[in-house]
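Derivation of every value follows stated rules applied to the coordinates shown; laboratory data play no part. Predicted model only: the values in this text are computed from it and were never measured. A quick note on method: Cβ atoms are made from the backbone with ideal geometry, for glycine too, and the neighbour counts reach across all protein chains shown.
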Amino acid sequence: MRVAMIGTGYVGLVSGTCFSDFGHDVTCVDTDLSKIERLKAGIMPIFEPGLDDLVARNVAGGRLHFTTDLAEAVAGAEVVFIAVGTPSRRGDGHADLSYVHAAAREIARAVKGFTVVVTKSTVPVGTGADLEQIIREEAPGADIAVVSNPEFLREGAAIEDFKRPDRIVVGTADPRAREVMAALYRPLSLNTAPVLFTDRANAELIKYASNAFLAVKITFINEMADLCEKVGGDVQEVARGIGLDRRIGSKFLHAGPGYGGSCFPKDTLALTRTAQEAGTPLRLVETVTTVNETRKAAMGRRVLEALSVPPRGATVAVLGLTFKPNTDDMRDSPAINIVQLLVDRGVKIRAYDPVGMEEARKVLPEGIHYATGAYECAEGADALVIVTEWDAFRALDLDRLKTQLRSPIVVDLRNIYPPEDLIRRGFTYVGIGRGDLSIG
Ligand SMILES: NC(=O)c1ccc[n+]([C@@H]2O[C@H](COP(=O)([O-])OP(=O)(O)OC[C@H]3O[C@@H](n4cnc5c(N)ncnc54)[C@H](O)[C@@H]3O)[C@@H](O)[C@H]2O)c1
């Protein structure tokens, strides 16, 4: 089956590559010429484990192509995915659909024969209907169906998630489109992934509801962590205890510095805007968005409070900058809020991230020392903060770390160390939600 993927970012590149790995003929399109040129030269524009090999294999197999020529890719395709960005619109928090609308107009001018246009971008309920109208206005004779097929992959585990998803959601009322989508996903359903066929509005809502639910779950355990600190509990134990209940489940119950990334912050906000406009505010989700933003700033203050010297002129080592491990994505990473707050208070920052430094330089304030590794990062610092739980930080030589630091203070925002191990070695340990152990 011939597929055009419009937008070659985290989602477009991974899904396009995986479709080609299942034997489809895929052309990935992007307006960013340098991205396409790098891909043609075998250079990945993003860090995603296993992606470079998978791209190379499918390019060599003649099933995966990269171009900036949208019209040519669309004209030859039976299925055209829209996988462009839908960031928060400045000012009101609605999803900014300008990229999606622009892509739809270009697609309309290029389609030939019956074509299924699929929104993989996360778009508010009703967008599929709007896109259908846009395309029909632009190309009145076009034989198209607009389908919603939201993506649930997680950065850092994107290939595995795409190939073995919990479910595939396809929203359409058009029988021809349904047949095409079933054929497209047939190789994945051999992996026993259930395909949920529903209508377009439901599919659009399922995506936002899923992200909002997960954001609620994370925020719930984060607030439980705050309570644990006040009353002498250990949130890790509490999370384990509640997670064993199969109605609750153990995933997304890791207390931390607040959720970030390219999806949860913008999607929760966009969902609350949709709900407000519909006259049915989602007060729970509204609260979650506020609590999460407040939390990120609170984490910066937690670091300041842990310091044994005044902030102005103090040095803090920050380990982990990306919003989670195994990605270079810095979008809405809690590290941004934490570093900014510390810098505003006159703290000098030394920072290290295994793959995110290039992206971090684009969004973090000036004047940061970017270290070559975890130990060099800790050198001469008055405290060390673990912001992202990269594997490389999980088994550091604590004695060596102690000799590097000016003051042996560790603020572990991901609870990756047993507090006893650090306290025994003479560290002051500050974790998350560990009431009676968070002091040295
Ligand atoms: N990143 C994730 O983990 C994830 C997961 C699920 C869903 N999503 C959703 O998928 C969508 C894409 O997210 P992303 O993280 O891949 O974004 P991204 O910013 O990494 O990539 C978007 C790409 O689209 C390109 N683009 C924009 N307009 C274009 C046009 N008219 N023609 C061709 N290319 C164009 C951009 O140059 C960019 O390379 C968003 O709606 C997002 O919410 C993302």
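Looking at the chain, what % of its DSSP beta bridges pair antiparallel, to the nearest 5? Intermediate values should be presented prior to the final figure.
Numbers: 3 of 46 bridges.
Among the beta bridges of the chain, antiparallel pairing accounts for roughly 5 percent.
What number, rounded to the nearest 500 deg cm²/dmol, is the helix-based mean residue ellipticity at 222 nm of the chain, given -39500 (n - 2.57) per DSSP H run of at least four residues and division by all its residues?
Rounded to the nearest 500, the figure is -14000 deg cm²/dmol.
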statement: Rounded to the nearest 10 degrees, the helix 264-277 long axis (Cα) sits at an angle to the longest Cα principal axis of the chain of 60 degrees
- line: Relative to the chain, whose Cα atoms define the longest principal axis, helix 200-231 and its Cα axis are tilted in degrees, nearest 10, by 10 degrees
field: Cα→Cβ-extended label distance, 7 Å offset, between Ala183 and Arg400, nm
entry: 5.7 nm
- prompt: Which of the lysines could a cross-linker span from Lys251 if the Cα-Cα distance has to be under 30 Å and same-chain partners fewer than 8 positions apart are dropped?
  reply: Lys120, Lys163, Lys207, Lys217, Lys230, Lys266, Lys296, Lys324
message: Using the Cα centre of the chain as origin and beta-carbon charges of +1 (Lys, Arg) and -1 (Asp, Glu), tell me which of Ala129, Thr428, Ile218 is placed farthest towards the positive end of the dipole.
response: Thr428
statement: Projecting the Cα atoms of Ala201, Ala317, Ala255 onto the charge dipole of the chain, where Lys and Arg contribute +1 and Asp and Glu -1 at Cβ, the residue farthest towards the positive end is Ala255
- prompt: Given a cut-off of under 8 Å on Cα pairs at least six residues apart, what relative contact order in percent is computed for the chain?
  reply: 12 percent
statement: Among Phe47, Val59, Thr31, the residue whose Cα sits farthest towards the positive end of the charge dipole of the chain, when +1 is placed on the Cβ of each Lys and Arg and -1 on the Cβ of each Asp and Glu, is Phe47
- request: Treat every Asp and Glu Cβ in the range 295-438 as -1 and every Lys and Arg Cβ as +1, leave all other atoms uncharged, and give the resulting dipole magnitude about the Cα centre to the nearest 20 debye.
  value: 420 debye
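Could you work out Rg/(2.2 N^0.38 Å) for the chain, with Rg from alpha carbons only? List each step's numbers first, then the result.
Numbers: Rg = 23.4 Å, N = 440, 2.2 N^0.38 = 22.2 Å.
Ratio of Rg to 2.2 N^0.38 Å for the chain: 1.05.
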- prompt: Among all stretches of the chain without exposed trypsin sites (Lys or Arg not before Pro) (DSSP loop, at most 12 other Cβ atoms within 10 Å), which one is longest?
  reply: 1-89
